[in-house]
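Here the structure comes first, spelled out in structure tokens, and everything after it is commentary.
The values are calculated or read from the model by the stated rules, or taken from the named source; none is laboratory data. Worth saying up front: this structure is predicted, and the values here are computed from it rather than measured. For neighbour counting, all protein chains shown are included, and Cβ atoms are generated from backbone atoms with ideal geometry for every residue, glycine included.
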Amino acid sequence: MKLFLIITLMLSVMACSTSLQAQKPIKLEALYGININENSIVVKVYSFGCTKAKDFSIEEQDGALSIIRAKMDRCRKMPELVSIRLPFHKQLNDYQVLNPIKKPKPKQKNKLHTAR
């Protein structure tokens, strides 16, 4: 009886520890611009050709906003900045955005090479 109780206890502890390990930490999407309006948030992100607004969600807690990309863009197009409009009902005047804000990479000019 004691052996059965010990095995049951061990199995339940192992099950709890694996469920905690299975949770992935949320990686916040880098934003290259953000504008919070009365009815929406417009963010600039890099796209490889398949980024859509439905791929993102907004989490708001105590005035802190997180923009989360739920679906990765797996297309292979050359990356470009795109504006994504997400529905949002503004309730406060000030929000803290938890996502990293980055400067866009400068576009490289095509250099013309001529033979001499």
Subset of the stretch 46-71, residues within 9 Å of the chain's Cα centre (by Cα) and assigned to a loop (DSSP other than H, G, I, E, B), comes to Ala70, Lys71
Checklist entry - Quick check: is even one residue across the stretch 23-35 at negative phi, exposed (fewer than 10 other Cβ atoms within 10 Å of the Cβ) and either modelled with pLDDT of 85 or more or more than 20 Å from the chain's Cα centre (by Cα) (or both)? => result no
Exercise. Kindly indicate whether Pro104 is at pLDDT 95 or above and of a type outside the set (S, T, N, Q).
Key: no
Those residues of the stretch 27-51 which are in contact with an Asp or Glu (Cβ under 9 Å, 6 or more places away or on another chain) and either under 13 Å from Lys90 (Cα atoms) or not aromatic (Phe, Trp, Tyr) (or both) amount to Val43, Val45, Ser47, Gly49, Cys50, Thr51
The number of residues in the stretch 86-98 that are surrounded by fewer than 14 Cβ atoms within 10 Å (Cβ to Cβ) and outside any loop (DSSP other than H, G, I, E, B) is 2
Within the stretch 41-75, residues under 17 Å from Ile26 (Cβ atoms) and of a type in the set (A, V, I, L, M) come out as Val43, Val45, Ile58, Ala64, Leu65, Ile67, Ile68, Ala70, Met72
